[in-house]
Every structure is written in C-alpha cells, then in structure tokens.
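Okay, structure first, notes after.
Taken together, the values in this text are just the output of simple stated rules run on the coordinates, not laboratory data. Bear in mind that the values here come from a model prediction, so they are computed numbers and not experimental data. Every residue, glycine as well, gets a Cβ built from its backbone with ideal geometry; the counts of neighbours run over all protein chains shown.
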Amino acid sequence: MTFHIITLFPEMFDSYLKESILGRAIEDKKIKIKFYNPRDFTKDRNRRIDRKPYGGGPGMVIEALPVIKAIEKTKGKKKAKIIFLSPSGKQFDNNYAKKTEKNYSDIIIICGRYEGVDARVKKAFKMEDVSVGDYVLTGGELPAMVIIDCVSRQIEGVLGDFNSLEESRVASSEVYTRPEVFEYRNKKYKVPKVLLSGDHKKIEKWKKIHK
Ligand code: SAH
C-alpha cells in the first residue's frame with residue numbers, strides 16, 4: 001500500500017511514522033509514504049499558495065491548481081483512492097479502513113489547512129470527503145496519520161501477529177500484565193482471577209463481557 005500525502009507540512013509526519021509498528025512497516029516495505037507539497041507546484045515567486053476567500057470571511061484558502069498538480073504527480077496509479085479531508089465529510093471508521101485496504105493499492109490524502117482547499121479540486125478529480133471525527137482541527141495532517149495508522153494495521157504482516165487485529169478476535173478493552181498483585185497506598189490491586197485460571201473458555205467469556 002502506498003500513501004500519497006498532499007500537505008504543506010510534510011515534516012509533521014516524521015516522528016510519528018518513524019517509530020514502533022508503522023516505522024517497522026515502512027522499513028519492511030509493507031507500506032510506503034510519499035509526500036507532495038503544493039508549494040512545489042506554484043509559479044508564485046514566494047511559493048505562496050494561500051489566498052483570501054471569495055465571498056469574504058476570515059482565514060485563508062489554499063489554491064486549487066498547486067493541489068491539482070500535486071495530485072497529478074501521484075498519478076499513473078491505476079487504483080488510487082483520493083480522500084479530501086474535511087470535518088464535514090463521511091465519518092472514517094474501521095470498516096472504511098478495511099474496505100480501502102482491500103480495494104486499493106494507492107491512497108491519496110489531501111490535507112487542508114486554514115479555511116481549507118479551494119473546492120474546485122473536487123471537480124477536477126473524483127474524490128471523497130472524509131472526516132476523522134466530529135470536531136475541527138487546525139489541519140489535515142493528524143487526520144491523515146489516523147488514516148495511515150488505521151489502514152496500515154489491516155495489512156497482513158504489519159501487526160507482529162496478524163491475530164492482534166482486534167476486530168478478528170475477542171478482544172477486551174480491559175487488559176492486565178505482571179505483576180499479579182501490587183500495592184499502592186495500602187491497597188492491593190489484583191489481576192482478575194479468571195485470567196490466571198488457564199481456562200480458555202472462561203477467559204473468552206470474561207473478555208466478551210469486558211469488551
Ligand atoms: N472552515 C473549515 C475548517 C477547516 S479546518 C470547515 O469548516 O470545513 C482545516 C483543515 O483541517 C480542513 O481543510 C481539513 O483538511 C482538516 N480537518 C480539520 N478537522 C478535520 C476532521 N475532523 N476530519 C478531517 N479533516 C479535518
């Protein structure tokens with residue numbers, strides 16, 4: 001899976017993608033992440049891409065053409081899905097991640113900033129408005145990382161053990177590790193007995209209740 005990220009701030013991705021599971025997935029070539037900065041696609045002397053909105057209002061809007069040219073640069077990818085990040089888009093969830101992983105080899109994600117991107121970008125290419133939640137952030141970089149993270153863990157071999165994929169097994173939101181008992185301010189904290197019982201049937205049942 002290759003993610004093509006269109007962003008004014010590619011460096012925001014560095015530390016998150018470098019570490020842990022995603023870092024390893026990139027190293028192992030299970031996923032690939034490419035960046036395209038709309039600033040590299042403007043003829044403006046100062047590489048300026050944000051302008052005042054038509055119709056008035058606060059904030060700035062990112063010009064359409066530099067974004068369109070950035071998308072063009074990702075092309076040649078037959079099966080690319082284009083995601084236009086927007087707080088009012090379709091809600092992203094596990095199911096969306098799963099379907100996207102199954103049906104596409106390339107995902108293009110357009111990260112807005114300020115008041116967003118000139119809407120004509122959406123006329124030039126077929127794409128889908130997607131939101132990561134019912135709140136407004138300052139830009140699309142975090143949402144893009146949410147999508148990269150969630151889609152990547154659906155890819156076989158990205159999670160150390162494919163069985164780690166929560167959706168495909170009984171997973172509890174309540175988890176415990178050693179030690180079995182610890183003391184804090186004169187109170188003892190114990191691991192639920194059933195988890196130490198070795199009785200897998202009982203353990204599965206407990207996990208189902210503590211989802
Ligand atoms: N005035 C705009 C808000 C822009 S927020 C509006 O009401 O739509 C700036 C950019 O951050 C957006 O263009 C989008 O790319 C990104 N963004 C902010 N919140 C988001 C969310 N919940 N989901 C996806 N993208 C989001």
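Worth a mention:
- A straight line joining the Cα centroids of segment 118-195 and segment 46-113 runs 23 Å.
- The long axis of helix 64-74 is offset from the longest Cα principal axis of the chain by roughly 60 degrees.
- Segment 1-82, relative contact order in percent, only Cα pairs under 8 angstrom and at least six apart counted: 29 percent
- Percentage relative contact order, the chain, counting C-alpha pairs under 8 Å, at least six apart: 22 percent
- For the peptides 200-206, 85-91, the ranking by mean Cβ contacts within 10 Å, running from highest to lowest, is 85-91, 200-206.
- Only DSSP H runs of four or more residues enter the estimate; each adds -39500 (n - 2.57), and after division by the residues of the chain the mean residue ellipticity at 222 nm equals -8000 deg cm²/dmol.
- Partners of K211 within straight-line reach, counting lysines whose Cα lies under 18 Å from its Cα and excluding those fewer than 8 residues away in the same chain: K193, K201, K202.
- Nearest-0.05 FRET efficiency for K188 and I209, computed from C-beta distance (R0 30 Å): 0.85
- Net +/- balance of residues flanking G157 in space, Cβ distance below 11 Å, scoring K and R +1, D and E -1: +1
- Whether segment 116-160 is rounded, prolate or oblate, judged on the alpha carbon gyration tensor where a/c under 1.5 counts as rounded: oblate
- Taking a sphere under 12 Å around the Cβ of V181 and counting the other residues whose Cβ falls inside, with K and R at +1 and D and E at -1, yields a net charge of +3.
- In plain terms, the chain from A119 to H200 could stretch by 23.7 nm, reckoned as 0.36 nm per residue minus the Cα-Cα distance.
- Where the Cα pairs of segment 2-162 fall when distances are cut into 5 Å bins, in %: 2, 9, 18, 22, 21, 14, 8, 4, 1, 1, 0
- Packing-based order for 140-149, 101-110, 120-129, 185-194, using average beta carbon neighbours within 10 Å, highest first: 140-149, 101-110, 120-129, 185-194
- I26-L142 FRET efficiency (beta carbon distance; Förster radius 22 Å; 0.05 resolution): 0.75
- Shown is the FRET efficiency for K43 and E128, computed with R0 = 35 Å from the Cβ-Cβ distance and rounded to the nearest 0.05: 0.75.
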